[in-house]
Structure formats: structure tokens, C-alpha cells
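The values are calculated or read from the model by the stated rules, or taken from the named source; none is laboratory data. Because the structure is a prediction, the values reported are computed rather than measured. Don't worry about glycine lacking a Cβ; one is built from the backbone with ideal geometry, like all the others, and counts go over all protein chains shown. Quick note on the areas: whole protein, heavy atoms, side chains included, nothing else; ligands and nucleic acids left out. Shrake-Rupley method; radii C 1.70, N 1.55, O 1.52, S 1.80 Å.
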Amino acid sequence: MEAFSGMLNQACDIGAFHGVKLPNDGPAMSHFLSDDAMIMGEWSSFNFTNMKRILRIFYLCSGLKINLHKLVLYGVGVEDADVVGMAETLGCKQGALPFSYLGIKVGANMNRVSNWEPVVSSFKRRLSKWKANTLSIAGRLTLIKSVLDSLPTYYFSLFKAPKKVIGELEGLMRRFLWGGTEDVRKMSWVSWEIVTKRIKDGGLGIAPLEVNNNAMLVKWLWRFLNEPNALWRRVVVSIHGSSRGWGIAPINNAIPGV
């Protein structure tokens, strides 16, 4: 993947591929490589032709042939008919926004409760009725701490969860702790405020989800202030920054879901 990244960077340097140029003198983005490779560029026949050539050269050099039938093409600000036509030309599949990448929805407004359904569904699967009936309260507490408390971490580290989502998730945890389910309600012998206190303060040590969410987001603020040359920081500044002064971090209220 380092070699493939170098090929794309070289193609951009010599003008053989045009990446996405961010505003306000921001960086040009051409690719992102992780478990799945994402190539980003201007929508043009020039880019598509040279992208196929780059993939072909990569195959000849490495012996790793790209299966175009597994590729998915997305068009941002492009008519659906153009996306369908280009996908047929390239021999790949057509995609639509929002889409999932590394477990995160890209292009979705995370202020909407419906976009948190994957996290809520994961909670419900772990809180099956038979577990509530067969585990002791100590077992249920251990399960909450070791599994349920960490399930939304990936989302919480990137997005501010709506209060309704926080309430629904904690409601599932609270009912499970006392042996209840969505259909069967049982009495909560201790208030949730006490349960979520630290053990030395008389609680059970289950951290409130909103506190976890805020702590994870503040970490990004700390990194923003301490990593001035990081690529992700330059992307944030180019999109959310402006010539006007702003506080400790930039924000563009015209962009939803941030």
C-alpha cells in the first residue's frame, strides 16, 4: 500500500491525476489507504482513464490484480445518470451517499437519531432476553462494563451523540442491569445517577455515556492544538476556517452534522 500511495502521489505531482483541492489554500486529497483504499479526485474522463492506468501499472509491478467488479464509484454533486454511466464504463458498481467506510457512515448527518441505528442495534443484540434471565446482577454488571460500555466508542470518538440516543442507550443498559428487557420492565432499586458514580463514591463504576462522549471529543481538540502540521488538522482548517478570527477551534455552522 505504501508503493500504491507513492504512485498516486507521483501521478498528482506530474499532473497525471487531479485530486480534490480543498478551499482556503487547503491540501489536495487524492487517496486514503486503510483496510479499504479510497481514491478521491475530480470528476473527469481524464482522471478515470489515468486511474485505470495507475491500477494497471500497480498490477504489473506488484502482481496484485485489482478486481474492478468489487470497486464502488461515488459521485459527489454529480447526477445519478452520470454515475451509472461511468460505473458501467469502468466495470464497477454504482454507490450512493451516505455509505459506510471503516464502520462509519460517510456523508450522513449524525445529528439525526436514525443514523445512530447501528450502535443501538448492537446494544440490543448484546442485551438479549436470555442473558438478562440467566446472568446474575454481578454478571450483568460485568457485561455492561466490559462490552456495552465500549460498543459506541468508535462513534463517540468522532461524533456528538444526540441526547435522545444517549437516553435510549442508557435505558437499555439500565433495564438490563436490573434483569429487564424492552418488553419486560423491572424495578430499578437504585437510581441511574447513583449507579453511574465511581465505586469509591458509592456507585457501580459505569461511566455515563455523555461524559465518555465529551471526553473523547475533547481529545480531538487537544490534538488540534498540539498537532499544527497534521494532515487532518489542515483539512479541518481549510473547510471550517475563515479569514475572520475564531475561538479555540474553527467551526462552519453552514455544514450540518458537525
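Take the residues of segment 100-110 that are out of contact with any Asp or Glu (no Cβ under 9 Å at 6 or more places or on another chain) and open to solvent by 30 Å² or more (accessible area, probe 1.4 Å): which is farthest from Phe48 (Cα to Cα)? Don't jump to the end; show me each part of the working.
Taking segment 100-110 and keeping what is out of contact with any Asp or Glu (no Cβ under 9 Å at 6 or more places or on another chain), we get 100, 103-110.
Those left that are additionally open to solvent by 30 Å² or more (accessible area, probe 1.4 Å): 100, 103, 105-107, 109.
Working: Ser100: 23, Gly103: 27, Lys105: 25, Val106: 22, Gly107: 22, Asn109: 29 Å.
The extreme case among them is Asn109.
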Item to complete: Only residues that are part of a loop (DSSP other than H, G, I, E, B) and over 24 Å from the mean Cα position of the chain (by Cα): list them for segment 74-91, please.
Response: Glu79, Gly91
Fill in: segment 137-155 residues that are hydroxyl-bearing (Ser, Thr, Tyr), paired with ones that are crowded, with 16+ Cβ neighbours inside 10 Å (beta carbon under 6 Å, 6 or more apart)
Tyr155/Val119
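Scan segment 113-124 residue by residue and report those that are at pLDDT 85 or above and not polar (S, T, N, Q). It would help to see each step written out before you state the result.
Initially, segment 113-124 is screened for residues at pLDDT 85 or above, giving 113-121.
Within segment 113-124, Val113, Trp116, Glu117, Pro118, Val119, Val120 meet the criteria.
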Practice prompt. Could you tell me which residue of segment 211-258 is modelled with the lowest pLDDT, considering only residues that are among the hydroxyl-bearing types (Ser, Thr, Tyr) and farther than 20 Å from Val106 by Cβ?
Written response: Ser243
Response to the item:
When every residue in segment 152-179 that is closer than 28 Å to Arg112 by Cβ and in a loop (DSSP other than H, G, I, E, B) is compared, the one most open to solvent (accessible area, probe 1.4 Å) is Lys160
Discussion item. Checking Ser34 against (1) open to solvent by less than 60 Å² (accessible area, probe 1.4 Å); (2) in contact with a helix residue (DSSP H, G or I) (Cβ under 9 Å, 6 or more places away or on another chain); (3) hydroxyl-bearing (Ser, Thr, Tyr): exactly one of these is not met. Which one?
Written reply: (2)
Worksheet item: In segment 38-61, how many residues are out of contact with any His (no Cβ under 7 Å at 6 or more places or on another chain), open to solvent by less than 60 Å² (accessible area, probe 1.4 Å) and under 18 Å from Met1 (Cα atoms)?
Response: 4
Worksheet item: Among Leu127, Leu151, which is the only one that is within 24 Å of Asp36 (Cα to Cα), modelled with pLDDT under 80 and either out of contact with any Pro (no Cβ under 6 Å at 6 or more places or on another chain) or not polar (S, T, N, Q) (or both)?
Response: Leu151
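Does Arg125 meet the test of being farther than 24 Å from Val190 by Cβ, more than 16 Å from the chain's Cα centre (by Cα) and either in contact (Cβ under 8 Å) with a residue 60 or more places away in the chain or open to solvent by 20 Å² or more (accessible area, probe 1.4 Å) (or both)?
Values: farther than 24 Å from Val190 by Cβ: yes; more than 16 Å from the chain's Cα centre (by Cα): yes; either in contact (Cβ under 8 Å) with a residue 60 or more places away in the chain or open to solvent by 20 Å² or more (accessible area, probe 1.4 Å) (or both): yes.
Against the criterion (farther than 24 Å from Val190 by Cβ, more than 16 Å from the chain's Cα centre (by Cα) and either in contact (Cβ under 8 Å) with a residue 60 or more places away in the chain or open to solvent by 20 Å² or more (accessible area, probe 1.4 Å) (or both)), Arg125 qualifies.
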